[in-house]
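Derivation of every value follows stated rules applied to the coordinates shown; laboratory data play no part. The structure presented is a predicted model; accordingly, all values stated were derived computationally and were not measured. Here the Cβ positions follow ideal geometry from the backbone for every residue, glycine too, while neighbour counts run over all protein chains shown.
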Amino acid sequence: SVHPALLFALLFGEYHEFLAAQHIQAGAPPHETAHIAVQEHLRAVCDHVRIPKLVIFQVSDIMANQYRFAKTKGKQPQRFLHGKHFPDAYLYFKFSAKSLNRNAELLEFWSGLHRDKRNGGRPADQ
């Protein structure tokens, strides 16, 4: 089953990315823009539909973590892979990469790391 935060990210993620890009063009840092875009949009939706604050914060985390997928050097990928926000952020990243036909190389990189983690740290081909 899909929990509410991931569902909202999947439904509105492309729009949130668009809003975040506008904030970036205005000079805001990328990590903060994702939080701002999601919270502004989903709080406006709350005028018509009740969305718990916790869900809004979780959607913000999913969207803000999308920028971390571009970082594939050093120890950052392993730290992110083992963090509590990785599973939902990865599912959104995988969905958006495939549905929008983008980030194929990054998706392959992260899918490999994720596969290796599920195999107990051993590469999948062993």
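For Lys73, give me every one of the lysines with a C-alpha distance below 24 angstrom, ignoring sequence neighbours fewer than eight places off in its own chain.
In chain and number order, the partners are Lys84, Lys94, Lys98, Lys117.
Find the centroid of the Cα atoms in segment 63-87 and in segment 21-51, then give the distance between the two in whole Å.
21
With +1 assigned to the C-beta of every Lys and Arg and -1 to the C-beta of every Asp and Glu, and no other charges, what is the dipole magnitude of the chain about the Cα centre in debye, to the nearest 20?
The calculated dipole for the chain is roughly 500 debye.
Working out 0.36 nm times the residue gap between Ala26 and Leu7, then minus their Cα-Cα distance, what length gain in nm do you get to one decimal?
Roughly 4.0 nm would be gained on extension.
Compute the angle between helix 86-99 and the longest alpha-carbon principal axis of the chain, please, reported from 0 to 90 degrees and rounded to the nearest 10.
Approximately 80 degrees, to the nearest ten.
Evaluate the distance, in nm, between pseudo-label points positioned 7 Å from the Cα of Asn119 and of Arg79 along their respective Cα→Cβ axes.
A separation of 2.7 nm, rounded to one decimal place.
Within segment 26-56, list the trypsin sites (Lys or Arg not before Pro) lying in a DSSP loop whose Cβ has at most 11 other Cβ atoms in a 10 Å radius.
When the trypsin sites (Lys or Arg not before Pro) of segment 26-56 are filtered for loop state and at most 11 Cβ neighbours within 10 Å, Arg50 remain.
Using only the Cα atoms of segment 1-83, build the gyration tensor, take square roots of its eigenvalues as a ≥ b ≥ c, and label the shape rounded, prolate or oblate: rounded if a/c is under 1.5, else prolate if a/b is larger than b/c, else oblate.
Taking the square roots of the gyration eigenvalues as a ≥ b ≥ c, segment 1-83 is oblate.
For the chain, take the longest principal axis of its alpha carbons; what is the angle in degrees between that and the long axis of helix 4-25, to the nearest 10 within 0 to 90?
Once rounded, the angle reads 80 degrees.
Taking 8 Å as the Cα distance limit and 6 or more residues as the minimum spacing, I'd like the relative contact order of the chain as a percentage.
Over the chain, the number comes to 22 percent.
Which of Leu100, His31, Thr72 sits closest to the plus end of the dipole of the chain, meaning its Cα is farthest towards the positive end, when Lys and Arg get +1 and Asp and Glu get -1 on the C-beta?
In the chain, that residue is Thr72.
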